[in-house]
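The values are calculated or read from the model by the stated rules, or taken from the named source; none is laboratory data. Values in this document were obtained by computation on a predicted structure and should not be read as measured data. All Cβ positions, even for glycine, are placed from backbone atoms using ideal geometry, and neighbour counts span all protein chains on display. In case anyone asks, the SASA skips ligands and DNA or RNA and just uses the protein heavy atoms, side chains included. Shrake-Rupley method; radii C 1.70, N 1.55, O 1.52, S 1.80 Å.
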Amino acid sequence: MCNPRRVRVEATRDVVEAWELALERRASASDSVVSELEVRHPFGGTLGQATRLVFEHTLATADDWHVEQGGHVLTLPDGQVRYDPGTGELVVTARLEDSVTAEGRASETLRGAVREQATGSAEGRYYADGFAGRTREVAEREAQVAAEADAVQRARELAGRLRMQADRESATAAAAAQARLQEAADADARTRLAEERERVRADLDTRNRERITALGRDGLRAVNGVLATAYQRALLDFARQHGATGVRQQESEDGIDIEFELDLGMEN
C-alpha cells in the first residue's frame with residue numbers, strides 16, 4: 001500500500017431561463033365629417049326691378065329670416081336658404097355632420113432567454129495498487145456522481161439568479177417596445193379612421209343629395225311666400241295712394257285675393 005492518489009472530476013449543467021411577453025397597445029381616434037352641397041337659383045333676376053326692390057324690402061322684415069353678412073338667411077333643418085341682394089341669387093345649402101371614431105391596435109410577442117452554465121466538481125481517491133478495492137475507476141465513478149450532484153445544486157442556485165435577470169431583461173424589452181407599439185396603434189387608428197371617414201362621408205353625401213331637393217322646395221316656398229307678401233303690400237299701397245275704396249283681401253291655400261274699387265277719373 002502507498003499514499004492514496006487523487007482524481008478530480010467536473011460536471012456541468014446548462015441553465016436556461018426563457019421569457020415571453022405578449023404586448024398589446026390600443027389607441028382611438030375621432031373626427032367630425034361634414035357633407036355640404038349647394039344649389040344656386042337666379043331668383044332675383046326673374047323679377048322686375050320694382051318688384052325686386054319691394055321683395056327685398058319685405059324680406060328684410062320677414063319672419064324667420066335674419067341678416068347675415070349682407071344676405072338674408074332662412075335656417076332650415078340640416079341646411080339654410082340664403083338670398084344675396086347683390087347678385088339676386090338664392091343659394092340653398094344642405095349640410096349634414098356626423099362624428100366618427102375608430103380604434104387601432106398593435107401587438108407584439110417578445111421572447112428572450114438568459115443562459116449560463118453551472119459547474120460542479122468532486123474528488124475521488126484511489127491507490128495505485130488497488131488497495132481495499134480503491135481503484136482509479138472506482139474513484140472516478142464516485143467523483144463523477146458527486147460532481148453531478150454538485151452541478152445540480154449549483155444549477156438550482158443559478159436558476160434563481162437567472163430568473164431575476166430574465167425578469168429584468170423582459171421588463172427592459174417591454175419598456176423599449178411600448179413607444180413603438182403605441183406609435184403603431186396610433187397609425188392603425190388613423191388608418192381605420194380615414195376608412196370610416198370616407199364611408200360616413202359617402203353616406204352623408206347620399207342623404208344630402210336627397211335632402212337638398214327637399215330644401216330647395218322648402219326654400220322656394222318660403223321665398224315665394226315673402227314675394228306674395230311683397231305683392232300684397234305693393235297692391236295695398238297702390239290702392240291707398242290712389243284713393244281706392246272697398247278694399248277687400250282674402251287669404252287661402254291657393255293665394256291671396258285682393259279687391260278694390262278705383263275711380264280712374266274717366267268721363268264719357
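Worth a mention:
- Each label was represented as a point 7 Å from its Cα along the Cα-to-Cβ direction; for R141 and D31 these points are 8.1 nm apart.
- If the chain linking R105 and L53 were pulled fully straight, counting 0.36 nm for each residue of separation and taking away their Cα-Cα distance, it would gain 12.5 nm.
- Stretchable slack from D14 to T245, in nm (0.36 nm times residue separation minus alpha-carbon distance): 71.1 nm
- Modelled spin labels at V152 and S121, positioned 7 Å past Cα toward Cβ, are 2.2 nm from each other.
- Where region 41-135 is the region considered: accessible area per residue in Å², 1.4 Å probe: 54 Å²
- The value of relative contact order for region 38-147, using C-alpha pairs under 8 Å at least six residues apart, is 19 percent.
- Relative to the longest principal axis of the Cα atoms of the chain, helix 49-59 runs at roughly 60 degrees.
- Each of [x] 1.69; [y] 0.97; [z] 1.04 is a candidate for Rg/Rh (Cα atoms, Kirkwood Rh); the one calculated from this structure is [x].
- FRET E, pair D64, A187, Förster distance 51 Å, beta-carbon r, rounded to 0.05: 0.60
- Using alpha-carbon coordinates, inclination of helix 136-241 to the longest axis of the chain, degrees: 0 degrees
- With every protein chain in place, the chain: carbon and sulfur % of accessible area (1.4 Å): 46 percent
- Pairwise label distance in nanometres, A179 with D218, each label 7 Å out on the Cα-Cβ vector: 5.3 nm
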